[in-house]
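Computed from the coordinates by the stated procedures, all read-outs in this text should not be read as laboratory data. Since the structure is predicted, the reported quantities are computational estimates derived from the model, not experimental observations. Counting neighbours? That spans all protein chains shown, and the Cβs are built from the backbone with ideal geometry, glycine included.
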Amino acid sequence: MALPILYSFRRCPYAMRARLAVAVSATRCELREVKLSAKPEDMLVASPKGTVPVLIMPDGEVIDQSIDIMRRVLATSDPEGWLDRDAPDLIAANDTRFKHHLDRYKYPERHDADPHAHRTAGLEFLHELEDLLRLNANLAGDARGLADAAVMPFVRQFAAVDRDWFADSGPARVQAWLSQHTTSDLFETVMVRVSPWTPSSTPPITFPC
């Protein structure tokens with residue numbers, strides 16, 4: 001039986017959160033790691049926007065937005081009840097406001113931006129997360145859920161820009177929450193290193209492994 005095909009890039013936060021949902025839902029798929037400087041033609045034909053992740057279902061349906069991939073696979077299998085701990089408004093704020101500042105903090109030359117100003121603005125979002133974590137162990141409840149998986153990869157990227165600064169200035173609960181997620185068995189599963197896919201790659205890589 002044909003498996004769904006997931007085009008991904010290990011370090012991309014959008015691809016990372018899609019893999020988290022795929023893994024926790026135990027949705028078996030063929031994982032195709034993309035080399036961004038040489039994107040596979042098969043992926044570009046399926047999704048001309050040329051960004052990962054892209055999930056191609058066995059019937060040919062293409063899902064090329066990470067949050068849609070997450071909700072789609074979880075709608076089929078959600079053993080931990082992640083969909084019960086969704087937070088659409090929070091995820092939207094992460095994907096727009098926080099991502100805007102994250103990009104300009106991490107890549108100031110690319111955006112002709114003041115990194116410290118955008119770090120400060122990004123920190124405001126982290127304090128919003130801190131307030132949520134005062135109420136529960138995770139962003140939308142005591143157990144991990146879709147909201148955590150959708151937001152965590154971006155907070156991880158923000159923390160990695162200047163680890164010393166984040167250790168000194170990042171909100172304490174956010175630091176603990178991030179560490180909890182990035183040291184989990186689930187995260188280790190989705191961060192497996194694989195070689196970039198080409199049409200001649202054999203055998204296919206089945207994910208989760």
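Numbers for the structure displayed
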quantity: Amide H within-cut-off set for Cys29, under 5 Å, with H built and near neighbours excluded; calculated: Phe207
quantity: Gap separating the Cα centres of the range 161-186 and the range 1-18, nearest whole Å; calculated: 24
quantity: Equivalent ellipsoid semi-axes, the range 82-184, via Cα gyration tensor eigenvalues times 5, rooted, Å; calculated: 23, 15, 11
quantity: Tensor-based shape of the range 20-128 (alpha-carbon gyration tensor, a/c under 1.5 rounded, otherwise prolate or oblate); calculated: oblate
quantity: Added length on full extension, which subtracts the Cα-Cα distance from 0.36 nm per residue, Leu44 to Thr76; calculated: 8.9 nm
quantity: The range 1-127, relative contact order in percent, only Cα pairs under 8 angstrom and at least six apart counted; calculated: 23
quantity: Virtual spin-label span in nm between Ser184 and Cys209, 7 Å along Cα→Cβ; calculated: 2.0
quantity: Cross-link partners of Lys35 among aspartates and glutamates (Cα-Cα below 18 Å; sequence separation of 8 or more within a chain); calculated: Asp64
quantity: Computed [θ] at 222 nm, deg cm²/dmol, the chain (DSSP H ≥ 4; -39,500 (n - 2.57); rounded to nearest 500); calculated: -15000 deg cm²/dmol
quantity: Degrees separating the helix 66-76 axis from the principal Cα axis of the chain, which is the longest one; calculated: 70
quantity: Under 14 Å from the Asp103 label point (7 Å along Cα→beta-carbon), backbone N, the range 1-29; calculated: 13-14
quantity: Charge dipole of the range 92-147 about the Cα centre (unit charges at C-beta), most positive-ward option of Leu146, Phe98, Thr120; calculated: Leu146
